[in-house]
Each structure stands twice: as C-alpha cells, then as structure tokens.
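The values are calculated or read from the model by the stated rules, or taken from the named source; none is laboratory data. Keep in mind that this is a model prediction, so the values were computed, not measured. Positions of Cβ are generated from backbone atoms using ideal geometry, with glycine treated the same way; all protein chains shown enter the neighbour counts. Protein only, heavy atoms only, side chains kept; ligands, DNA and RNA dropped before computing areas. Shrake-Rupley method; radii C 1.70, N 1.55, O 1.52, S 1.80 Å.
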Amino acid sequence: MEWAHAHRKQLTIGAVVVAVAGLAWAVVSWKKAQDETDANQQFFAVPTQRAVAGGATPTGPLLAVAKDYPNTPSGEHARLMAAEDMFVAGQYPEASQQFAEFLSTYPDSGLIAQAKVGLAACLEGEGKTADAISKYHEIVLAYPTEANIVSPAKLTLARLYEDDNKPQEALSYYAELARMLRQNPYDPWASEAQERAALLVAKHPELLKVLNSAAAAPGPAGLSIPETVNPTVRPQASGPAPASAPKAAPANNASGLMNFQGISTNKTGKP
C-alpha cells in the first residue's frame, strides 16, 4: 500500500493508458466489423441491380464496393469481379488496369493466380500476343501444381502458338496436356488438347515425324491421336466451341470468357 501510495501518479497514468488502448482496440474492431457488414450488404445487392438492369453488368457498384471497402473480403472480390465484367464486355484496357490494381492491392490474396490469368487474357484481347505468351509462361512456372490454373494456361499457350504459325510449339503443349488423360480420362482440358492436336496434325502432316520421335524417345509416351479424327481430312478454319469451355463474346477476335472457378480463355473462332 505504501508503494502504491508513493507511485499513485504513475499508476493512474498507466491505468488511463491501458483504458484508452482498450477503448481504441474496441473502436477499431467495431469499425472493421461494421465495414465488413456494410461491404457485404452492398456486394450482395449487386445481383439484384443486375436483374433490374435487365442482365447488364453493373460494374459501377462493384467498383464502389472495392473503393469504399478495400480492406474487406467483399471489396477484394468486388474488384476482381469488376475486372472480369470489363473483360467480358471487351473493355480490355480497363479490365487490365483493374487486374493490375488487384495484384498490387492484394498481393497475398488466394485469388492472385486468377488475377494474373485475367491480366494475360486482357493482353491477348488487345492483340499483344507476345506479351500474353510471356504472361502465360510466368503463370505456368509459378503454379505448377495447380491444375485448374496451369491446364487452361497451357491450352491457351498452345492455341496462341498455333495462331502464330508455330505448330511444333503448339503440338508440344497439346501433347503434354493430352498425356493427362491417362490419369483422368474425363479431364476436359486434356480432351480438348488431344482433339486440337489431331486437327493440327491433319493440317501439318510433317508433325507426325515429331510425334513418332517423341513416342520412340525414353520417358513418357508421345501423344495419341483419337481414332474418331481422320488426319487425312483437312479441318475447317473455325468450328464450334468445345463443350468444356464457355462460348466467348469478344468484339474483336479476342479469346473468350474467364471462369473464376479457375479462369481460362478459349478462342472459339473468327466471327
């Protein structure tokens, strides 16, 4: 008691500091919880606004949630959804900016891989094929074990190489994906890769030598061509979209939609 009486001033100051710190923590916690509640309300109101707009994508409300509540899960998802909507609408520069802002704002997000794929898809949509190929290569190297990211990225790389008149590079990726059918015969990306490889070989019979060499080489066996595809039949320049991918709606030959269950791009042919 004598010690407490002698140091009563210091004890009083300490008690006040602890009380203020506790109050500040309570206020911050309440504000964070309130922000998350408000952000959730605005975020989940977007589908209703979409319905009122007749199915049009309300990018504005999504960006408002992202701007007003950047430190909430709803704000994080809203920015990525806004970028996706811009991409689907063919607004590639705007979508690219939103994907880039997402990458810088949420570097530790669990959706960072999807944002990187979105950025690569925007470059492809703008016709910047070389830059898009570089981005897809980075994605393949960065996420080697995430099949839902790597498989569509490899399929897109193969298609870009094919469009760039580099059939051997394209066939290499098609063959790599097609071998996955041995592990999972229902893999949609592997099935599409095998079909595209068959069509590619039909257009470029000289690639059969590459296939034979790969099959004779030690290691994993080479690509198998489906019996339902006749390599002697010249494929048409374009065709219906594969069943494993959604139909695209680009305005200028851009590759198609992104699915954020695992973003992918898929070119459905020239309009």
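Annotation for Thr145 and Ile112: the two label points, set 7 Å from Cα along the Cα-Cβ direction, are 1.6 nm apart.
Could you derive backbone 3J(HN,Hα) for the stretch 67-77 from the dihedral phi with the Karplus parameters 6.51, -1.76 and 1.60 (θ = phi - 60°), listing whole Hz in sequence and x where the residue is Gly or Pro? Karplus-based 3J(HN,Hα) across the stretch 67-77 equals 6, 7, 10, x, 9, 10, x, 5, x, 4, 5 Hz.
Compared with the alpha-carbon gap, the fully stretched path from Val88 to Gln183 is longer by 30.9 nm at 0.36 nm per residue. Accessible area per residue was computed with a 1.4 Å probe on protein heavy atoms; Ile13 scores about 100 Å².
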